[in-house]
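The values are calculated or read from the model by the stated rules, or taken from the named source; none is laboratory data. In this text, all values refer to a predicted model and were calculated from it rather than measured experimentally. Cβ atoms come from the backbone with ideal geometry, glycine included; neighbour counts cover every protein chain shown. In case anyone asks, the SASA skips ligands and DNA or RNA and just uses the protein heavy atoms, side chains included. Shrake-Rupley method; radii C 1.70, N 1.55, O 1.52, S 1.80 Å.
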Amino acid sequence: MSIELSARSRGAELSDEERKVLTATLVGTTIEWYDFFVYAQAAGLVFGALFFAPMNANNPLLAQIVSFATLGLSFLFRPLGAIVCGHLGDRFGRKNMLVVTLLLMGAATALVGLLPTYAQIGAWAPALLILLRILQGFSAGGEWGGAALMSVESAPVDKRSFFGSFPQIGTPLGMILATGVLWVLTATFGKQAMIEWGWRIPFLLSIVLIVVGIVIRRTVEESPVFQAMQRRHKESSAPLRDLMRNHSKEILRTALIFMANNAAGYILIAFIISYGANTLKMPSEQLLLIGTLAAVSWFIFTLLGGILGDKIGRVRCFQIGYSLMVLWAVPMWFLIDSKNPLLFLASAVGLTIALGLSYGPQAALYAELFPAKVRYSGVSIGYALGAIFGGAFAPMIAQWIIGTYGQWSWRVGVYIAVLSLISLITVSTIRDPQGVDLNVHDAGA
């Protein structure tokens with residue numbers, strides 16, 4: 001099957017199985033990121049008052065920083081999820097681990113929607129919130145690597161970046177769902193009702209999405225590369241040890257490459273809307289609509305990044321995206337601070353162009369950097385570490401910058417620009433592995 005995929009000519013129609021793989025990875029990652037983004041936006045809008053009430057009464061800024069810290073805490077457990085799920089995925093296949101991570105993320109998210117608040121059970125409320133957030137982080141650590149490999153390893157050789165963009169566009173689609181649902185609910189019930197009880201609805205809705213995702217994923221065959229590896233009996237007796245001994249450089253590179261994209265993404269997802277509502281005092285419904293429209297732009301440019309990754313190369317596409325991010329990271333804040341909704345939207349859309357171009361080709365690039373027997377572990381751990389270096393505490397750091405320097409919001413842009421420069425330099429050290437044999441190569445860098 002992998003030989004047929006590699007030999008497929010450019011422009012050939014997709015097979016039924018390829019369509020199933022693309023649909024499954026897209027739906028699964030969309031659900032995962034819907035769950036993640038609902039939490040991120042709730043952390044920015046309501047969790048400070050609901051779960052850290054005493055702190056919020058005495059110091060609202062500190063309560064907001066702590067609320068964002070719970071968002072970042074889960075990132076610390078992503079590497080554990082990546083190690084466990086990556087190890088099992090390299091040994092027993094990509095498909096089963098995808099279903100497990102989907103179930104775990106969905107269950108944790110639904111339970112957040114049922115949690116009592118601080119006013120009801122005191123300190124147990126934030127403790128349980130943090131526990132569920134850790135479970136979300138663990139599952140997210142194993143989810144992306146499996147989805148990325150299912151898509152890339154099932155792709156024709158000249159369409160790997162395009163196929164790999166499908167789990168990537170699940171991120172903006174998840175954001176569209178999350179911000180769209182919050183916008184509709186806020187516009188329908190009002191801000192006070194959302195604080196009192198409406199915030200629970202988006203979390204509980206994840207139950208429906210999980211059922212749909214599992215049904216689709218159960219119909220998909222295992223990755224052809226993993227099937228071929230099983231037939232050749234080349235599973236490593238200790239793939240994790242092999243990974244750390246022989247591929248630590250690739251892990252560090254993948255982490256640093258993803259760092260800036262993840263940080264900027266979480267500034268867009270979690271911080272900008274909160275900043276607009278809490279600091280600029282703009283209407284929440286207006287900001288959520290802006291977030292939804294920005295996510296549509298992110299979707300478009302992520303898909304474009306996947307297409308360009310096949311046409312001009314993965315590294316070149318990353319370089320264009322990160323160069324744009326370095327240039328745009330500071331000026332965008334002057335548009336945001338204007339409080340003009342159209343200029344606010346323009347600033348967010350400009351950021352999504354850079355985000356999409358540095359995100360669309362990621363799955364293909366990462367898959368081509370690791371040999372098959374440690375690939376799930378390698379891409380998952382690199383991705384998880386990049387999330388810790390980048391997005392884990394980006395909203396909290398941004399909130400601290402605003403709290404310390406007041407309206408000097410452009411300093412947040414300096415922070416993102418520095419990370420983008422580091423990621424740009426790192427990706428430029430890689431010799432583009434486009435087109436390598438995913439079955440036999442030992443290193444792509």
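Once you keep just the Cα pairs under 8 angstrom separated by 6 or more residues, what percentage relative contact order results for the chain?
25 percent
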Probe 1.4 Å, protein heavy atoms only - accessible area per residue of the stretch 305-409 in square angstrom: 30 Å²
Spin-label pair residue 111/residue 201, simplified geometry with 7 Å Cα→Cβ offset, distance in nm: 2.5 nm
Environment charge of residue 205, counting only residues whose C-beta is closer than 15 Å and scoring Lys/Arg +1, Asp/Glu -1: -1
Residue with peak Gaussian network fluctuation, the chain [Cα springs, cutoff 10 Å], from 274, 297, 377: 297
Over the chain: Rg over Rh, Cα atoms, Kirkwood Rh: 0.96
Kirkwood hydrodynamic radius (C-alpha pairs) into Stokes-Einstein, the stretch 15-103, 25 °C and 0.890 mPa s, D in µm²/s: 159 µm²/s
Computed label-point distance, nm, for sites residue 405 and residue 428 using a 7 Å Cα→Cβ extension: 2.4 nm
0 to 90° range, to nearest 10: angle between helix 160-189 axis and the chain longest Cα axis: 20 degrees
Total lysine pairs under 18 Å (Cα atoms) in the chain, excluding pairs fewer than 8 apart on one chain: 8
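Per the helix-only calculation at 222 nm, which mean residue ellipticity applies to the chain, given -39500 (n - 2.57) for every DSSP H run of n ≥ 4 and division by its residues, nearest 500 deg cm²/dmol?
It lands at -25000 deg cm²/dmol.
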Distance between the stretch 410-424 and the stretch 309-384 - C-alpha centres, whole angstrom: 13 Å
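Counting Lys +1, Arg +1, Asp -1, Glu -1, what net charge surrounds residue 306 among other residues with beta carbon under 13 Å of its beta carbon?
Net of charged neighbours comes to +2.
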Rounded to 10°, Cα long-axis angle of helix 284-311 versus longest principal axis of the chain: 20 degrees
Estimated translational D of the stretch 69-210 in µm²/s (Stokes, Kirkwood radius over Cα pairs; 25 °C; 0.890 mPa s): 147 µm²/s
Between 0 and 90°, nearest 10: helix 124-152 axis offset from the chain longest Cα axis: 30 degrees
Fluctuation leader among 354, 147, 49 - the chain, Gaussian network, Cα springs under 10 angstrom: 49
